[in-house]
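*Asks:* Questions regarding the structure given below will be posed in turn.
All of the numbers you see were taken from the coordinates with simple rules; none came from a lab. Here the structure is a predicted model, which means the values were calculated and not measured. When we count neighbours, we look across all protein chains shown, and the Cβ atoms used for this are built from the backbone with ideal geometry, even at glycine.
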Amino acid sequence: GESVGLHLPTLSVQEGDNSIINCAYSNSASDYFIWYKQESGKGPQFIIDIRSNMDKRQGQRVTVLLNKTVKHLSLQIAATQPGDSAVYFCAENMGNYGQNFVFGPGTRLSVLP
Amino acid sequence: DTGVSQDPRHKITKRGQNVTFRCDPISEHNRLYWYRQTLGQGPEFLTYFQNEAQLEKSRLLSDRFSAERPKGSFSTLEIQRTEQGDSAMYLCASSFGLDNEQFFGPGTRLTVL
């Protein structure tokens, strides 16, 4: 299949541990953020989103934290599983609904058995 | 499978040739997006349709690129006089109304020789 992100920063975690993936975004005017997961040979898959009027949002096994002061976004994955191995991207949107999203460079997550 | 399909999955062409890609979004989705992704990078926004209207184009979309969505359903992306720098994965995504979750297709991998 297609290889995504051959030279990306890599985070290796032990199966069952928690993972934290970080992202610095660029525009202080951005008010909507999404985390995507991309597996080899596939398009990005929505994981979780957050608006700028929130600083934390939880999903199933995932939590997104937003720090607007330092323009930082993080994705926490609880009890990481082998199926979580993928490249993770954060994306920011500068105000318009679902239009121009700017993606970060991505982080490869490798889950060790 | 997200329900968004793209055709072809792979395209190899010689420099100077024209290529056309097709995207079939999820049927009830009124918004359709095209992105370009190169190895090691996140997707870059190219253009966006709401129904048949092309509402936004990135400066990345040079005059060699044209996109259409004639009946507000499927969309085509044409690249004329391809250059080696056009080699990339071309991703299509769709969404419905103000729901910002974009569903991505598997992409078309273009290689320009």
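*Asks:* Name the shape class, rounded, prolate or oblate, that the alpha-carbon gyration tensor gives for the stretch A:44-113, where a ≥ b ≥ c are the square roots of its eigenvalues, rounded holds for a/c under 1.5, and otherwise prolate holds if a/b is larger than b/c and oblate otherwise. Please list the in-between numbers first.
*Replies:* Working: a/c = 2.05, a/b = 1.57, b/c = 1.31.
It is prolate, given that a/c is not under 1.5 and a/b is the larger ratio.
*Asks:* Could you list B:Thr38, B:Thr2, B:Thr47 in order of exposure, starting from the residue whose Cβ has the fewest other Cβ atoms within 10 Å?
*Replies:* Details: B:Thr38 12, B:Thr2 18, B:Thr47 22.
Lowest to highest Cβ neighbour count: B:Thr38, B:Thr2, B:Thr47.
*Asks:* Quote the charge dipole size of the protein assembly as shown about the Cα centre in Debye, to the nearest 20; the model charges only the Cβ of Lys and Arg (+1) and of Asp and Glu (-1). Working shown, then result.
*Replies:* Numbers: 23 positive and 23 negative charges, 90 e Å.
Dipole about the Cα centre, nearest 20: 440 debye.
*Asks:* Which of rounded, prolate or oblate describes the protein assembly as shown when judged by the alpha-carbon gyration tensor and an a/c cut-off of 1.5? Mind dumping the intermediate values first?
*Replies:* Details: a/c = 1.89, a/b = 1.43, b/c = 1.32.
Judged from the Cα gyration tensor, the protein assembly as shown comes out prolate (a/c at least 1.5, a/b above b/c).
*Asks:* Counting pairs of alpha carbon atoms under 8 Å apart in space and at least six apart in sequence, what relative contact order in percent does chain A give?
*Replies:* Numbers: 267 pairs, mean separation 41.4, N = 113.
Here the relative contact order equals 37 percent.
*Asks:* What dipole magnitude, in Debye to the nearest 20, does the stretch B:21-92 give about its Cα centre under +1 on Lys/Arg Cβ and -1 on Asp/Glu Cβ?
*Replies:* Values: 9 positive and 10 negative charges, 10 e Å.
So the dipole magnitude of the stretch B:21-92 works out to roughly 40 debye.
*Asks:* Using only alpha carbon pairs under 8 Å that are at least six residues apart, calculate the relative contact order of the stretch B:34-87 and give it in whole percent. Please report the intermediate quantities before stating the final value.
*Replies:* Details: 72 pairs, mean separation 13.0, N = 54.
The value is 24 percent.
*Asks:* Quick one: order B:His29, A:His72, B:His10 by neighbouring beta-carbon count within 10 Å, fewest to most. Mind dumping the intermediate values first?
*Replies:* Values: B:His29 19, A:His72 14, B:His10 11.
Lowest count first: B:His10, A:His72, B:His29.
*Asks:* So what is the relative contact order of chain B, in percent, for Cα pairs below 8 Å that sit 6 or more residues apart?
*Replies:* Working: 286 pairs, mean separation 42.2, N = 113.
Relative CO of chain B lands at 37 percent.
*Asks:* Another question about this same structure. Of B:Tyr48, A:Ser19, A:Met54, which is farthest towards the positive pole of the protein assembly as shown's charge dipole, taken about the Cα centre with +1 and -1 on the beta-carbons of Lys, Arg and Asp, Glu respectively?
*Replies:* With unit charges placed on the Cβ atoms, the residue in question is B:Tyr48.
*Asks:* Same structure again: Exposure proxy check: A:Ile50, B:Ile26 ranked by fewest other beta carbons within 10 Å?
*Replies:* Working: A:Ile50 19, B:Ile26 16.
Placing the least packed residue first, the sequence is B:Ile26, A:Ile50.
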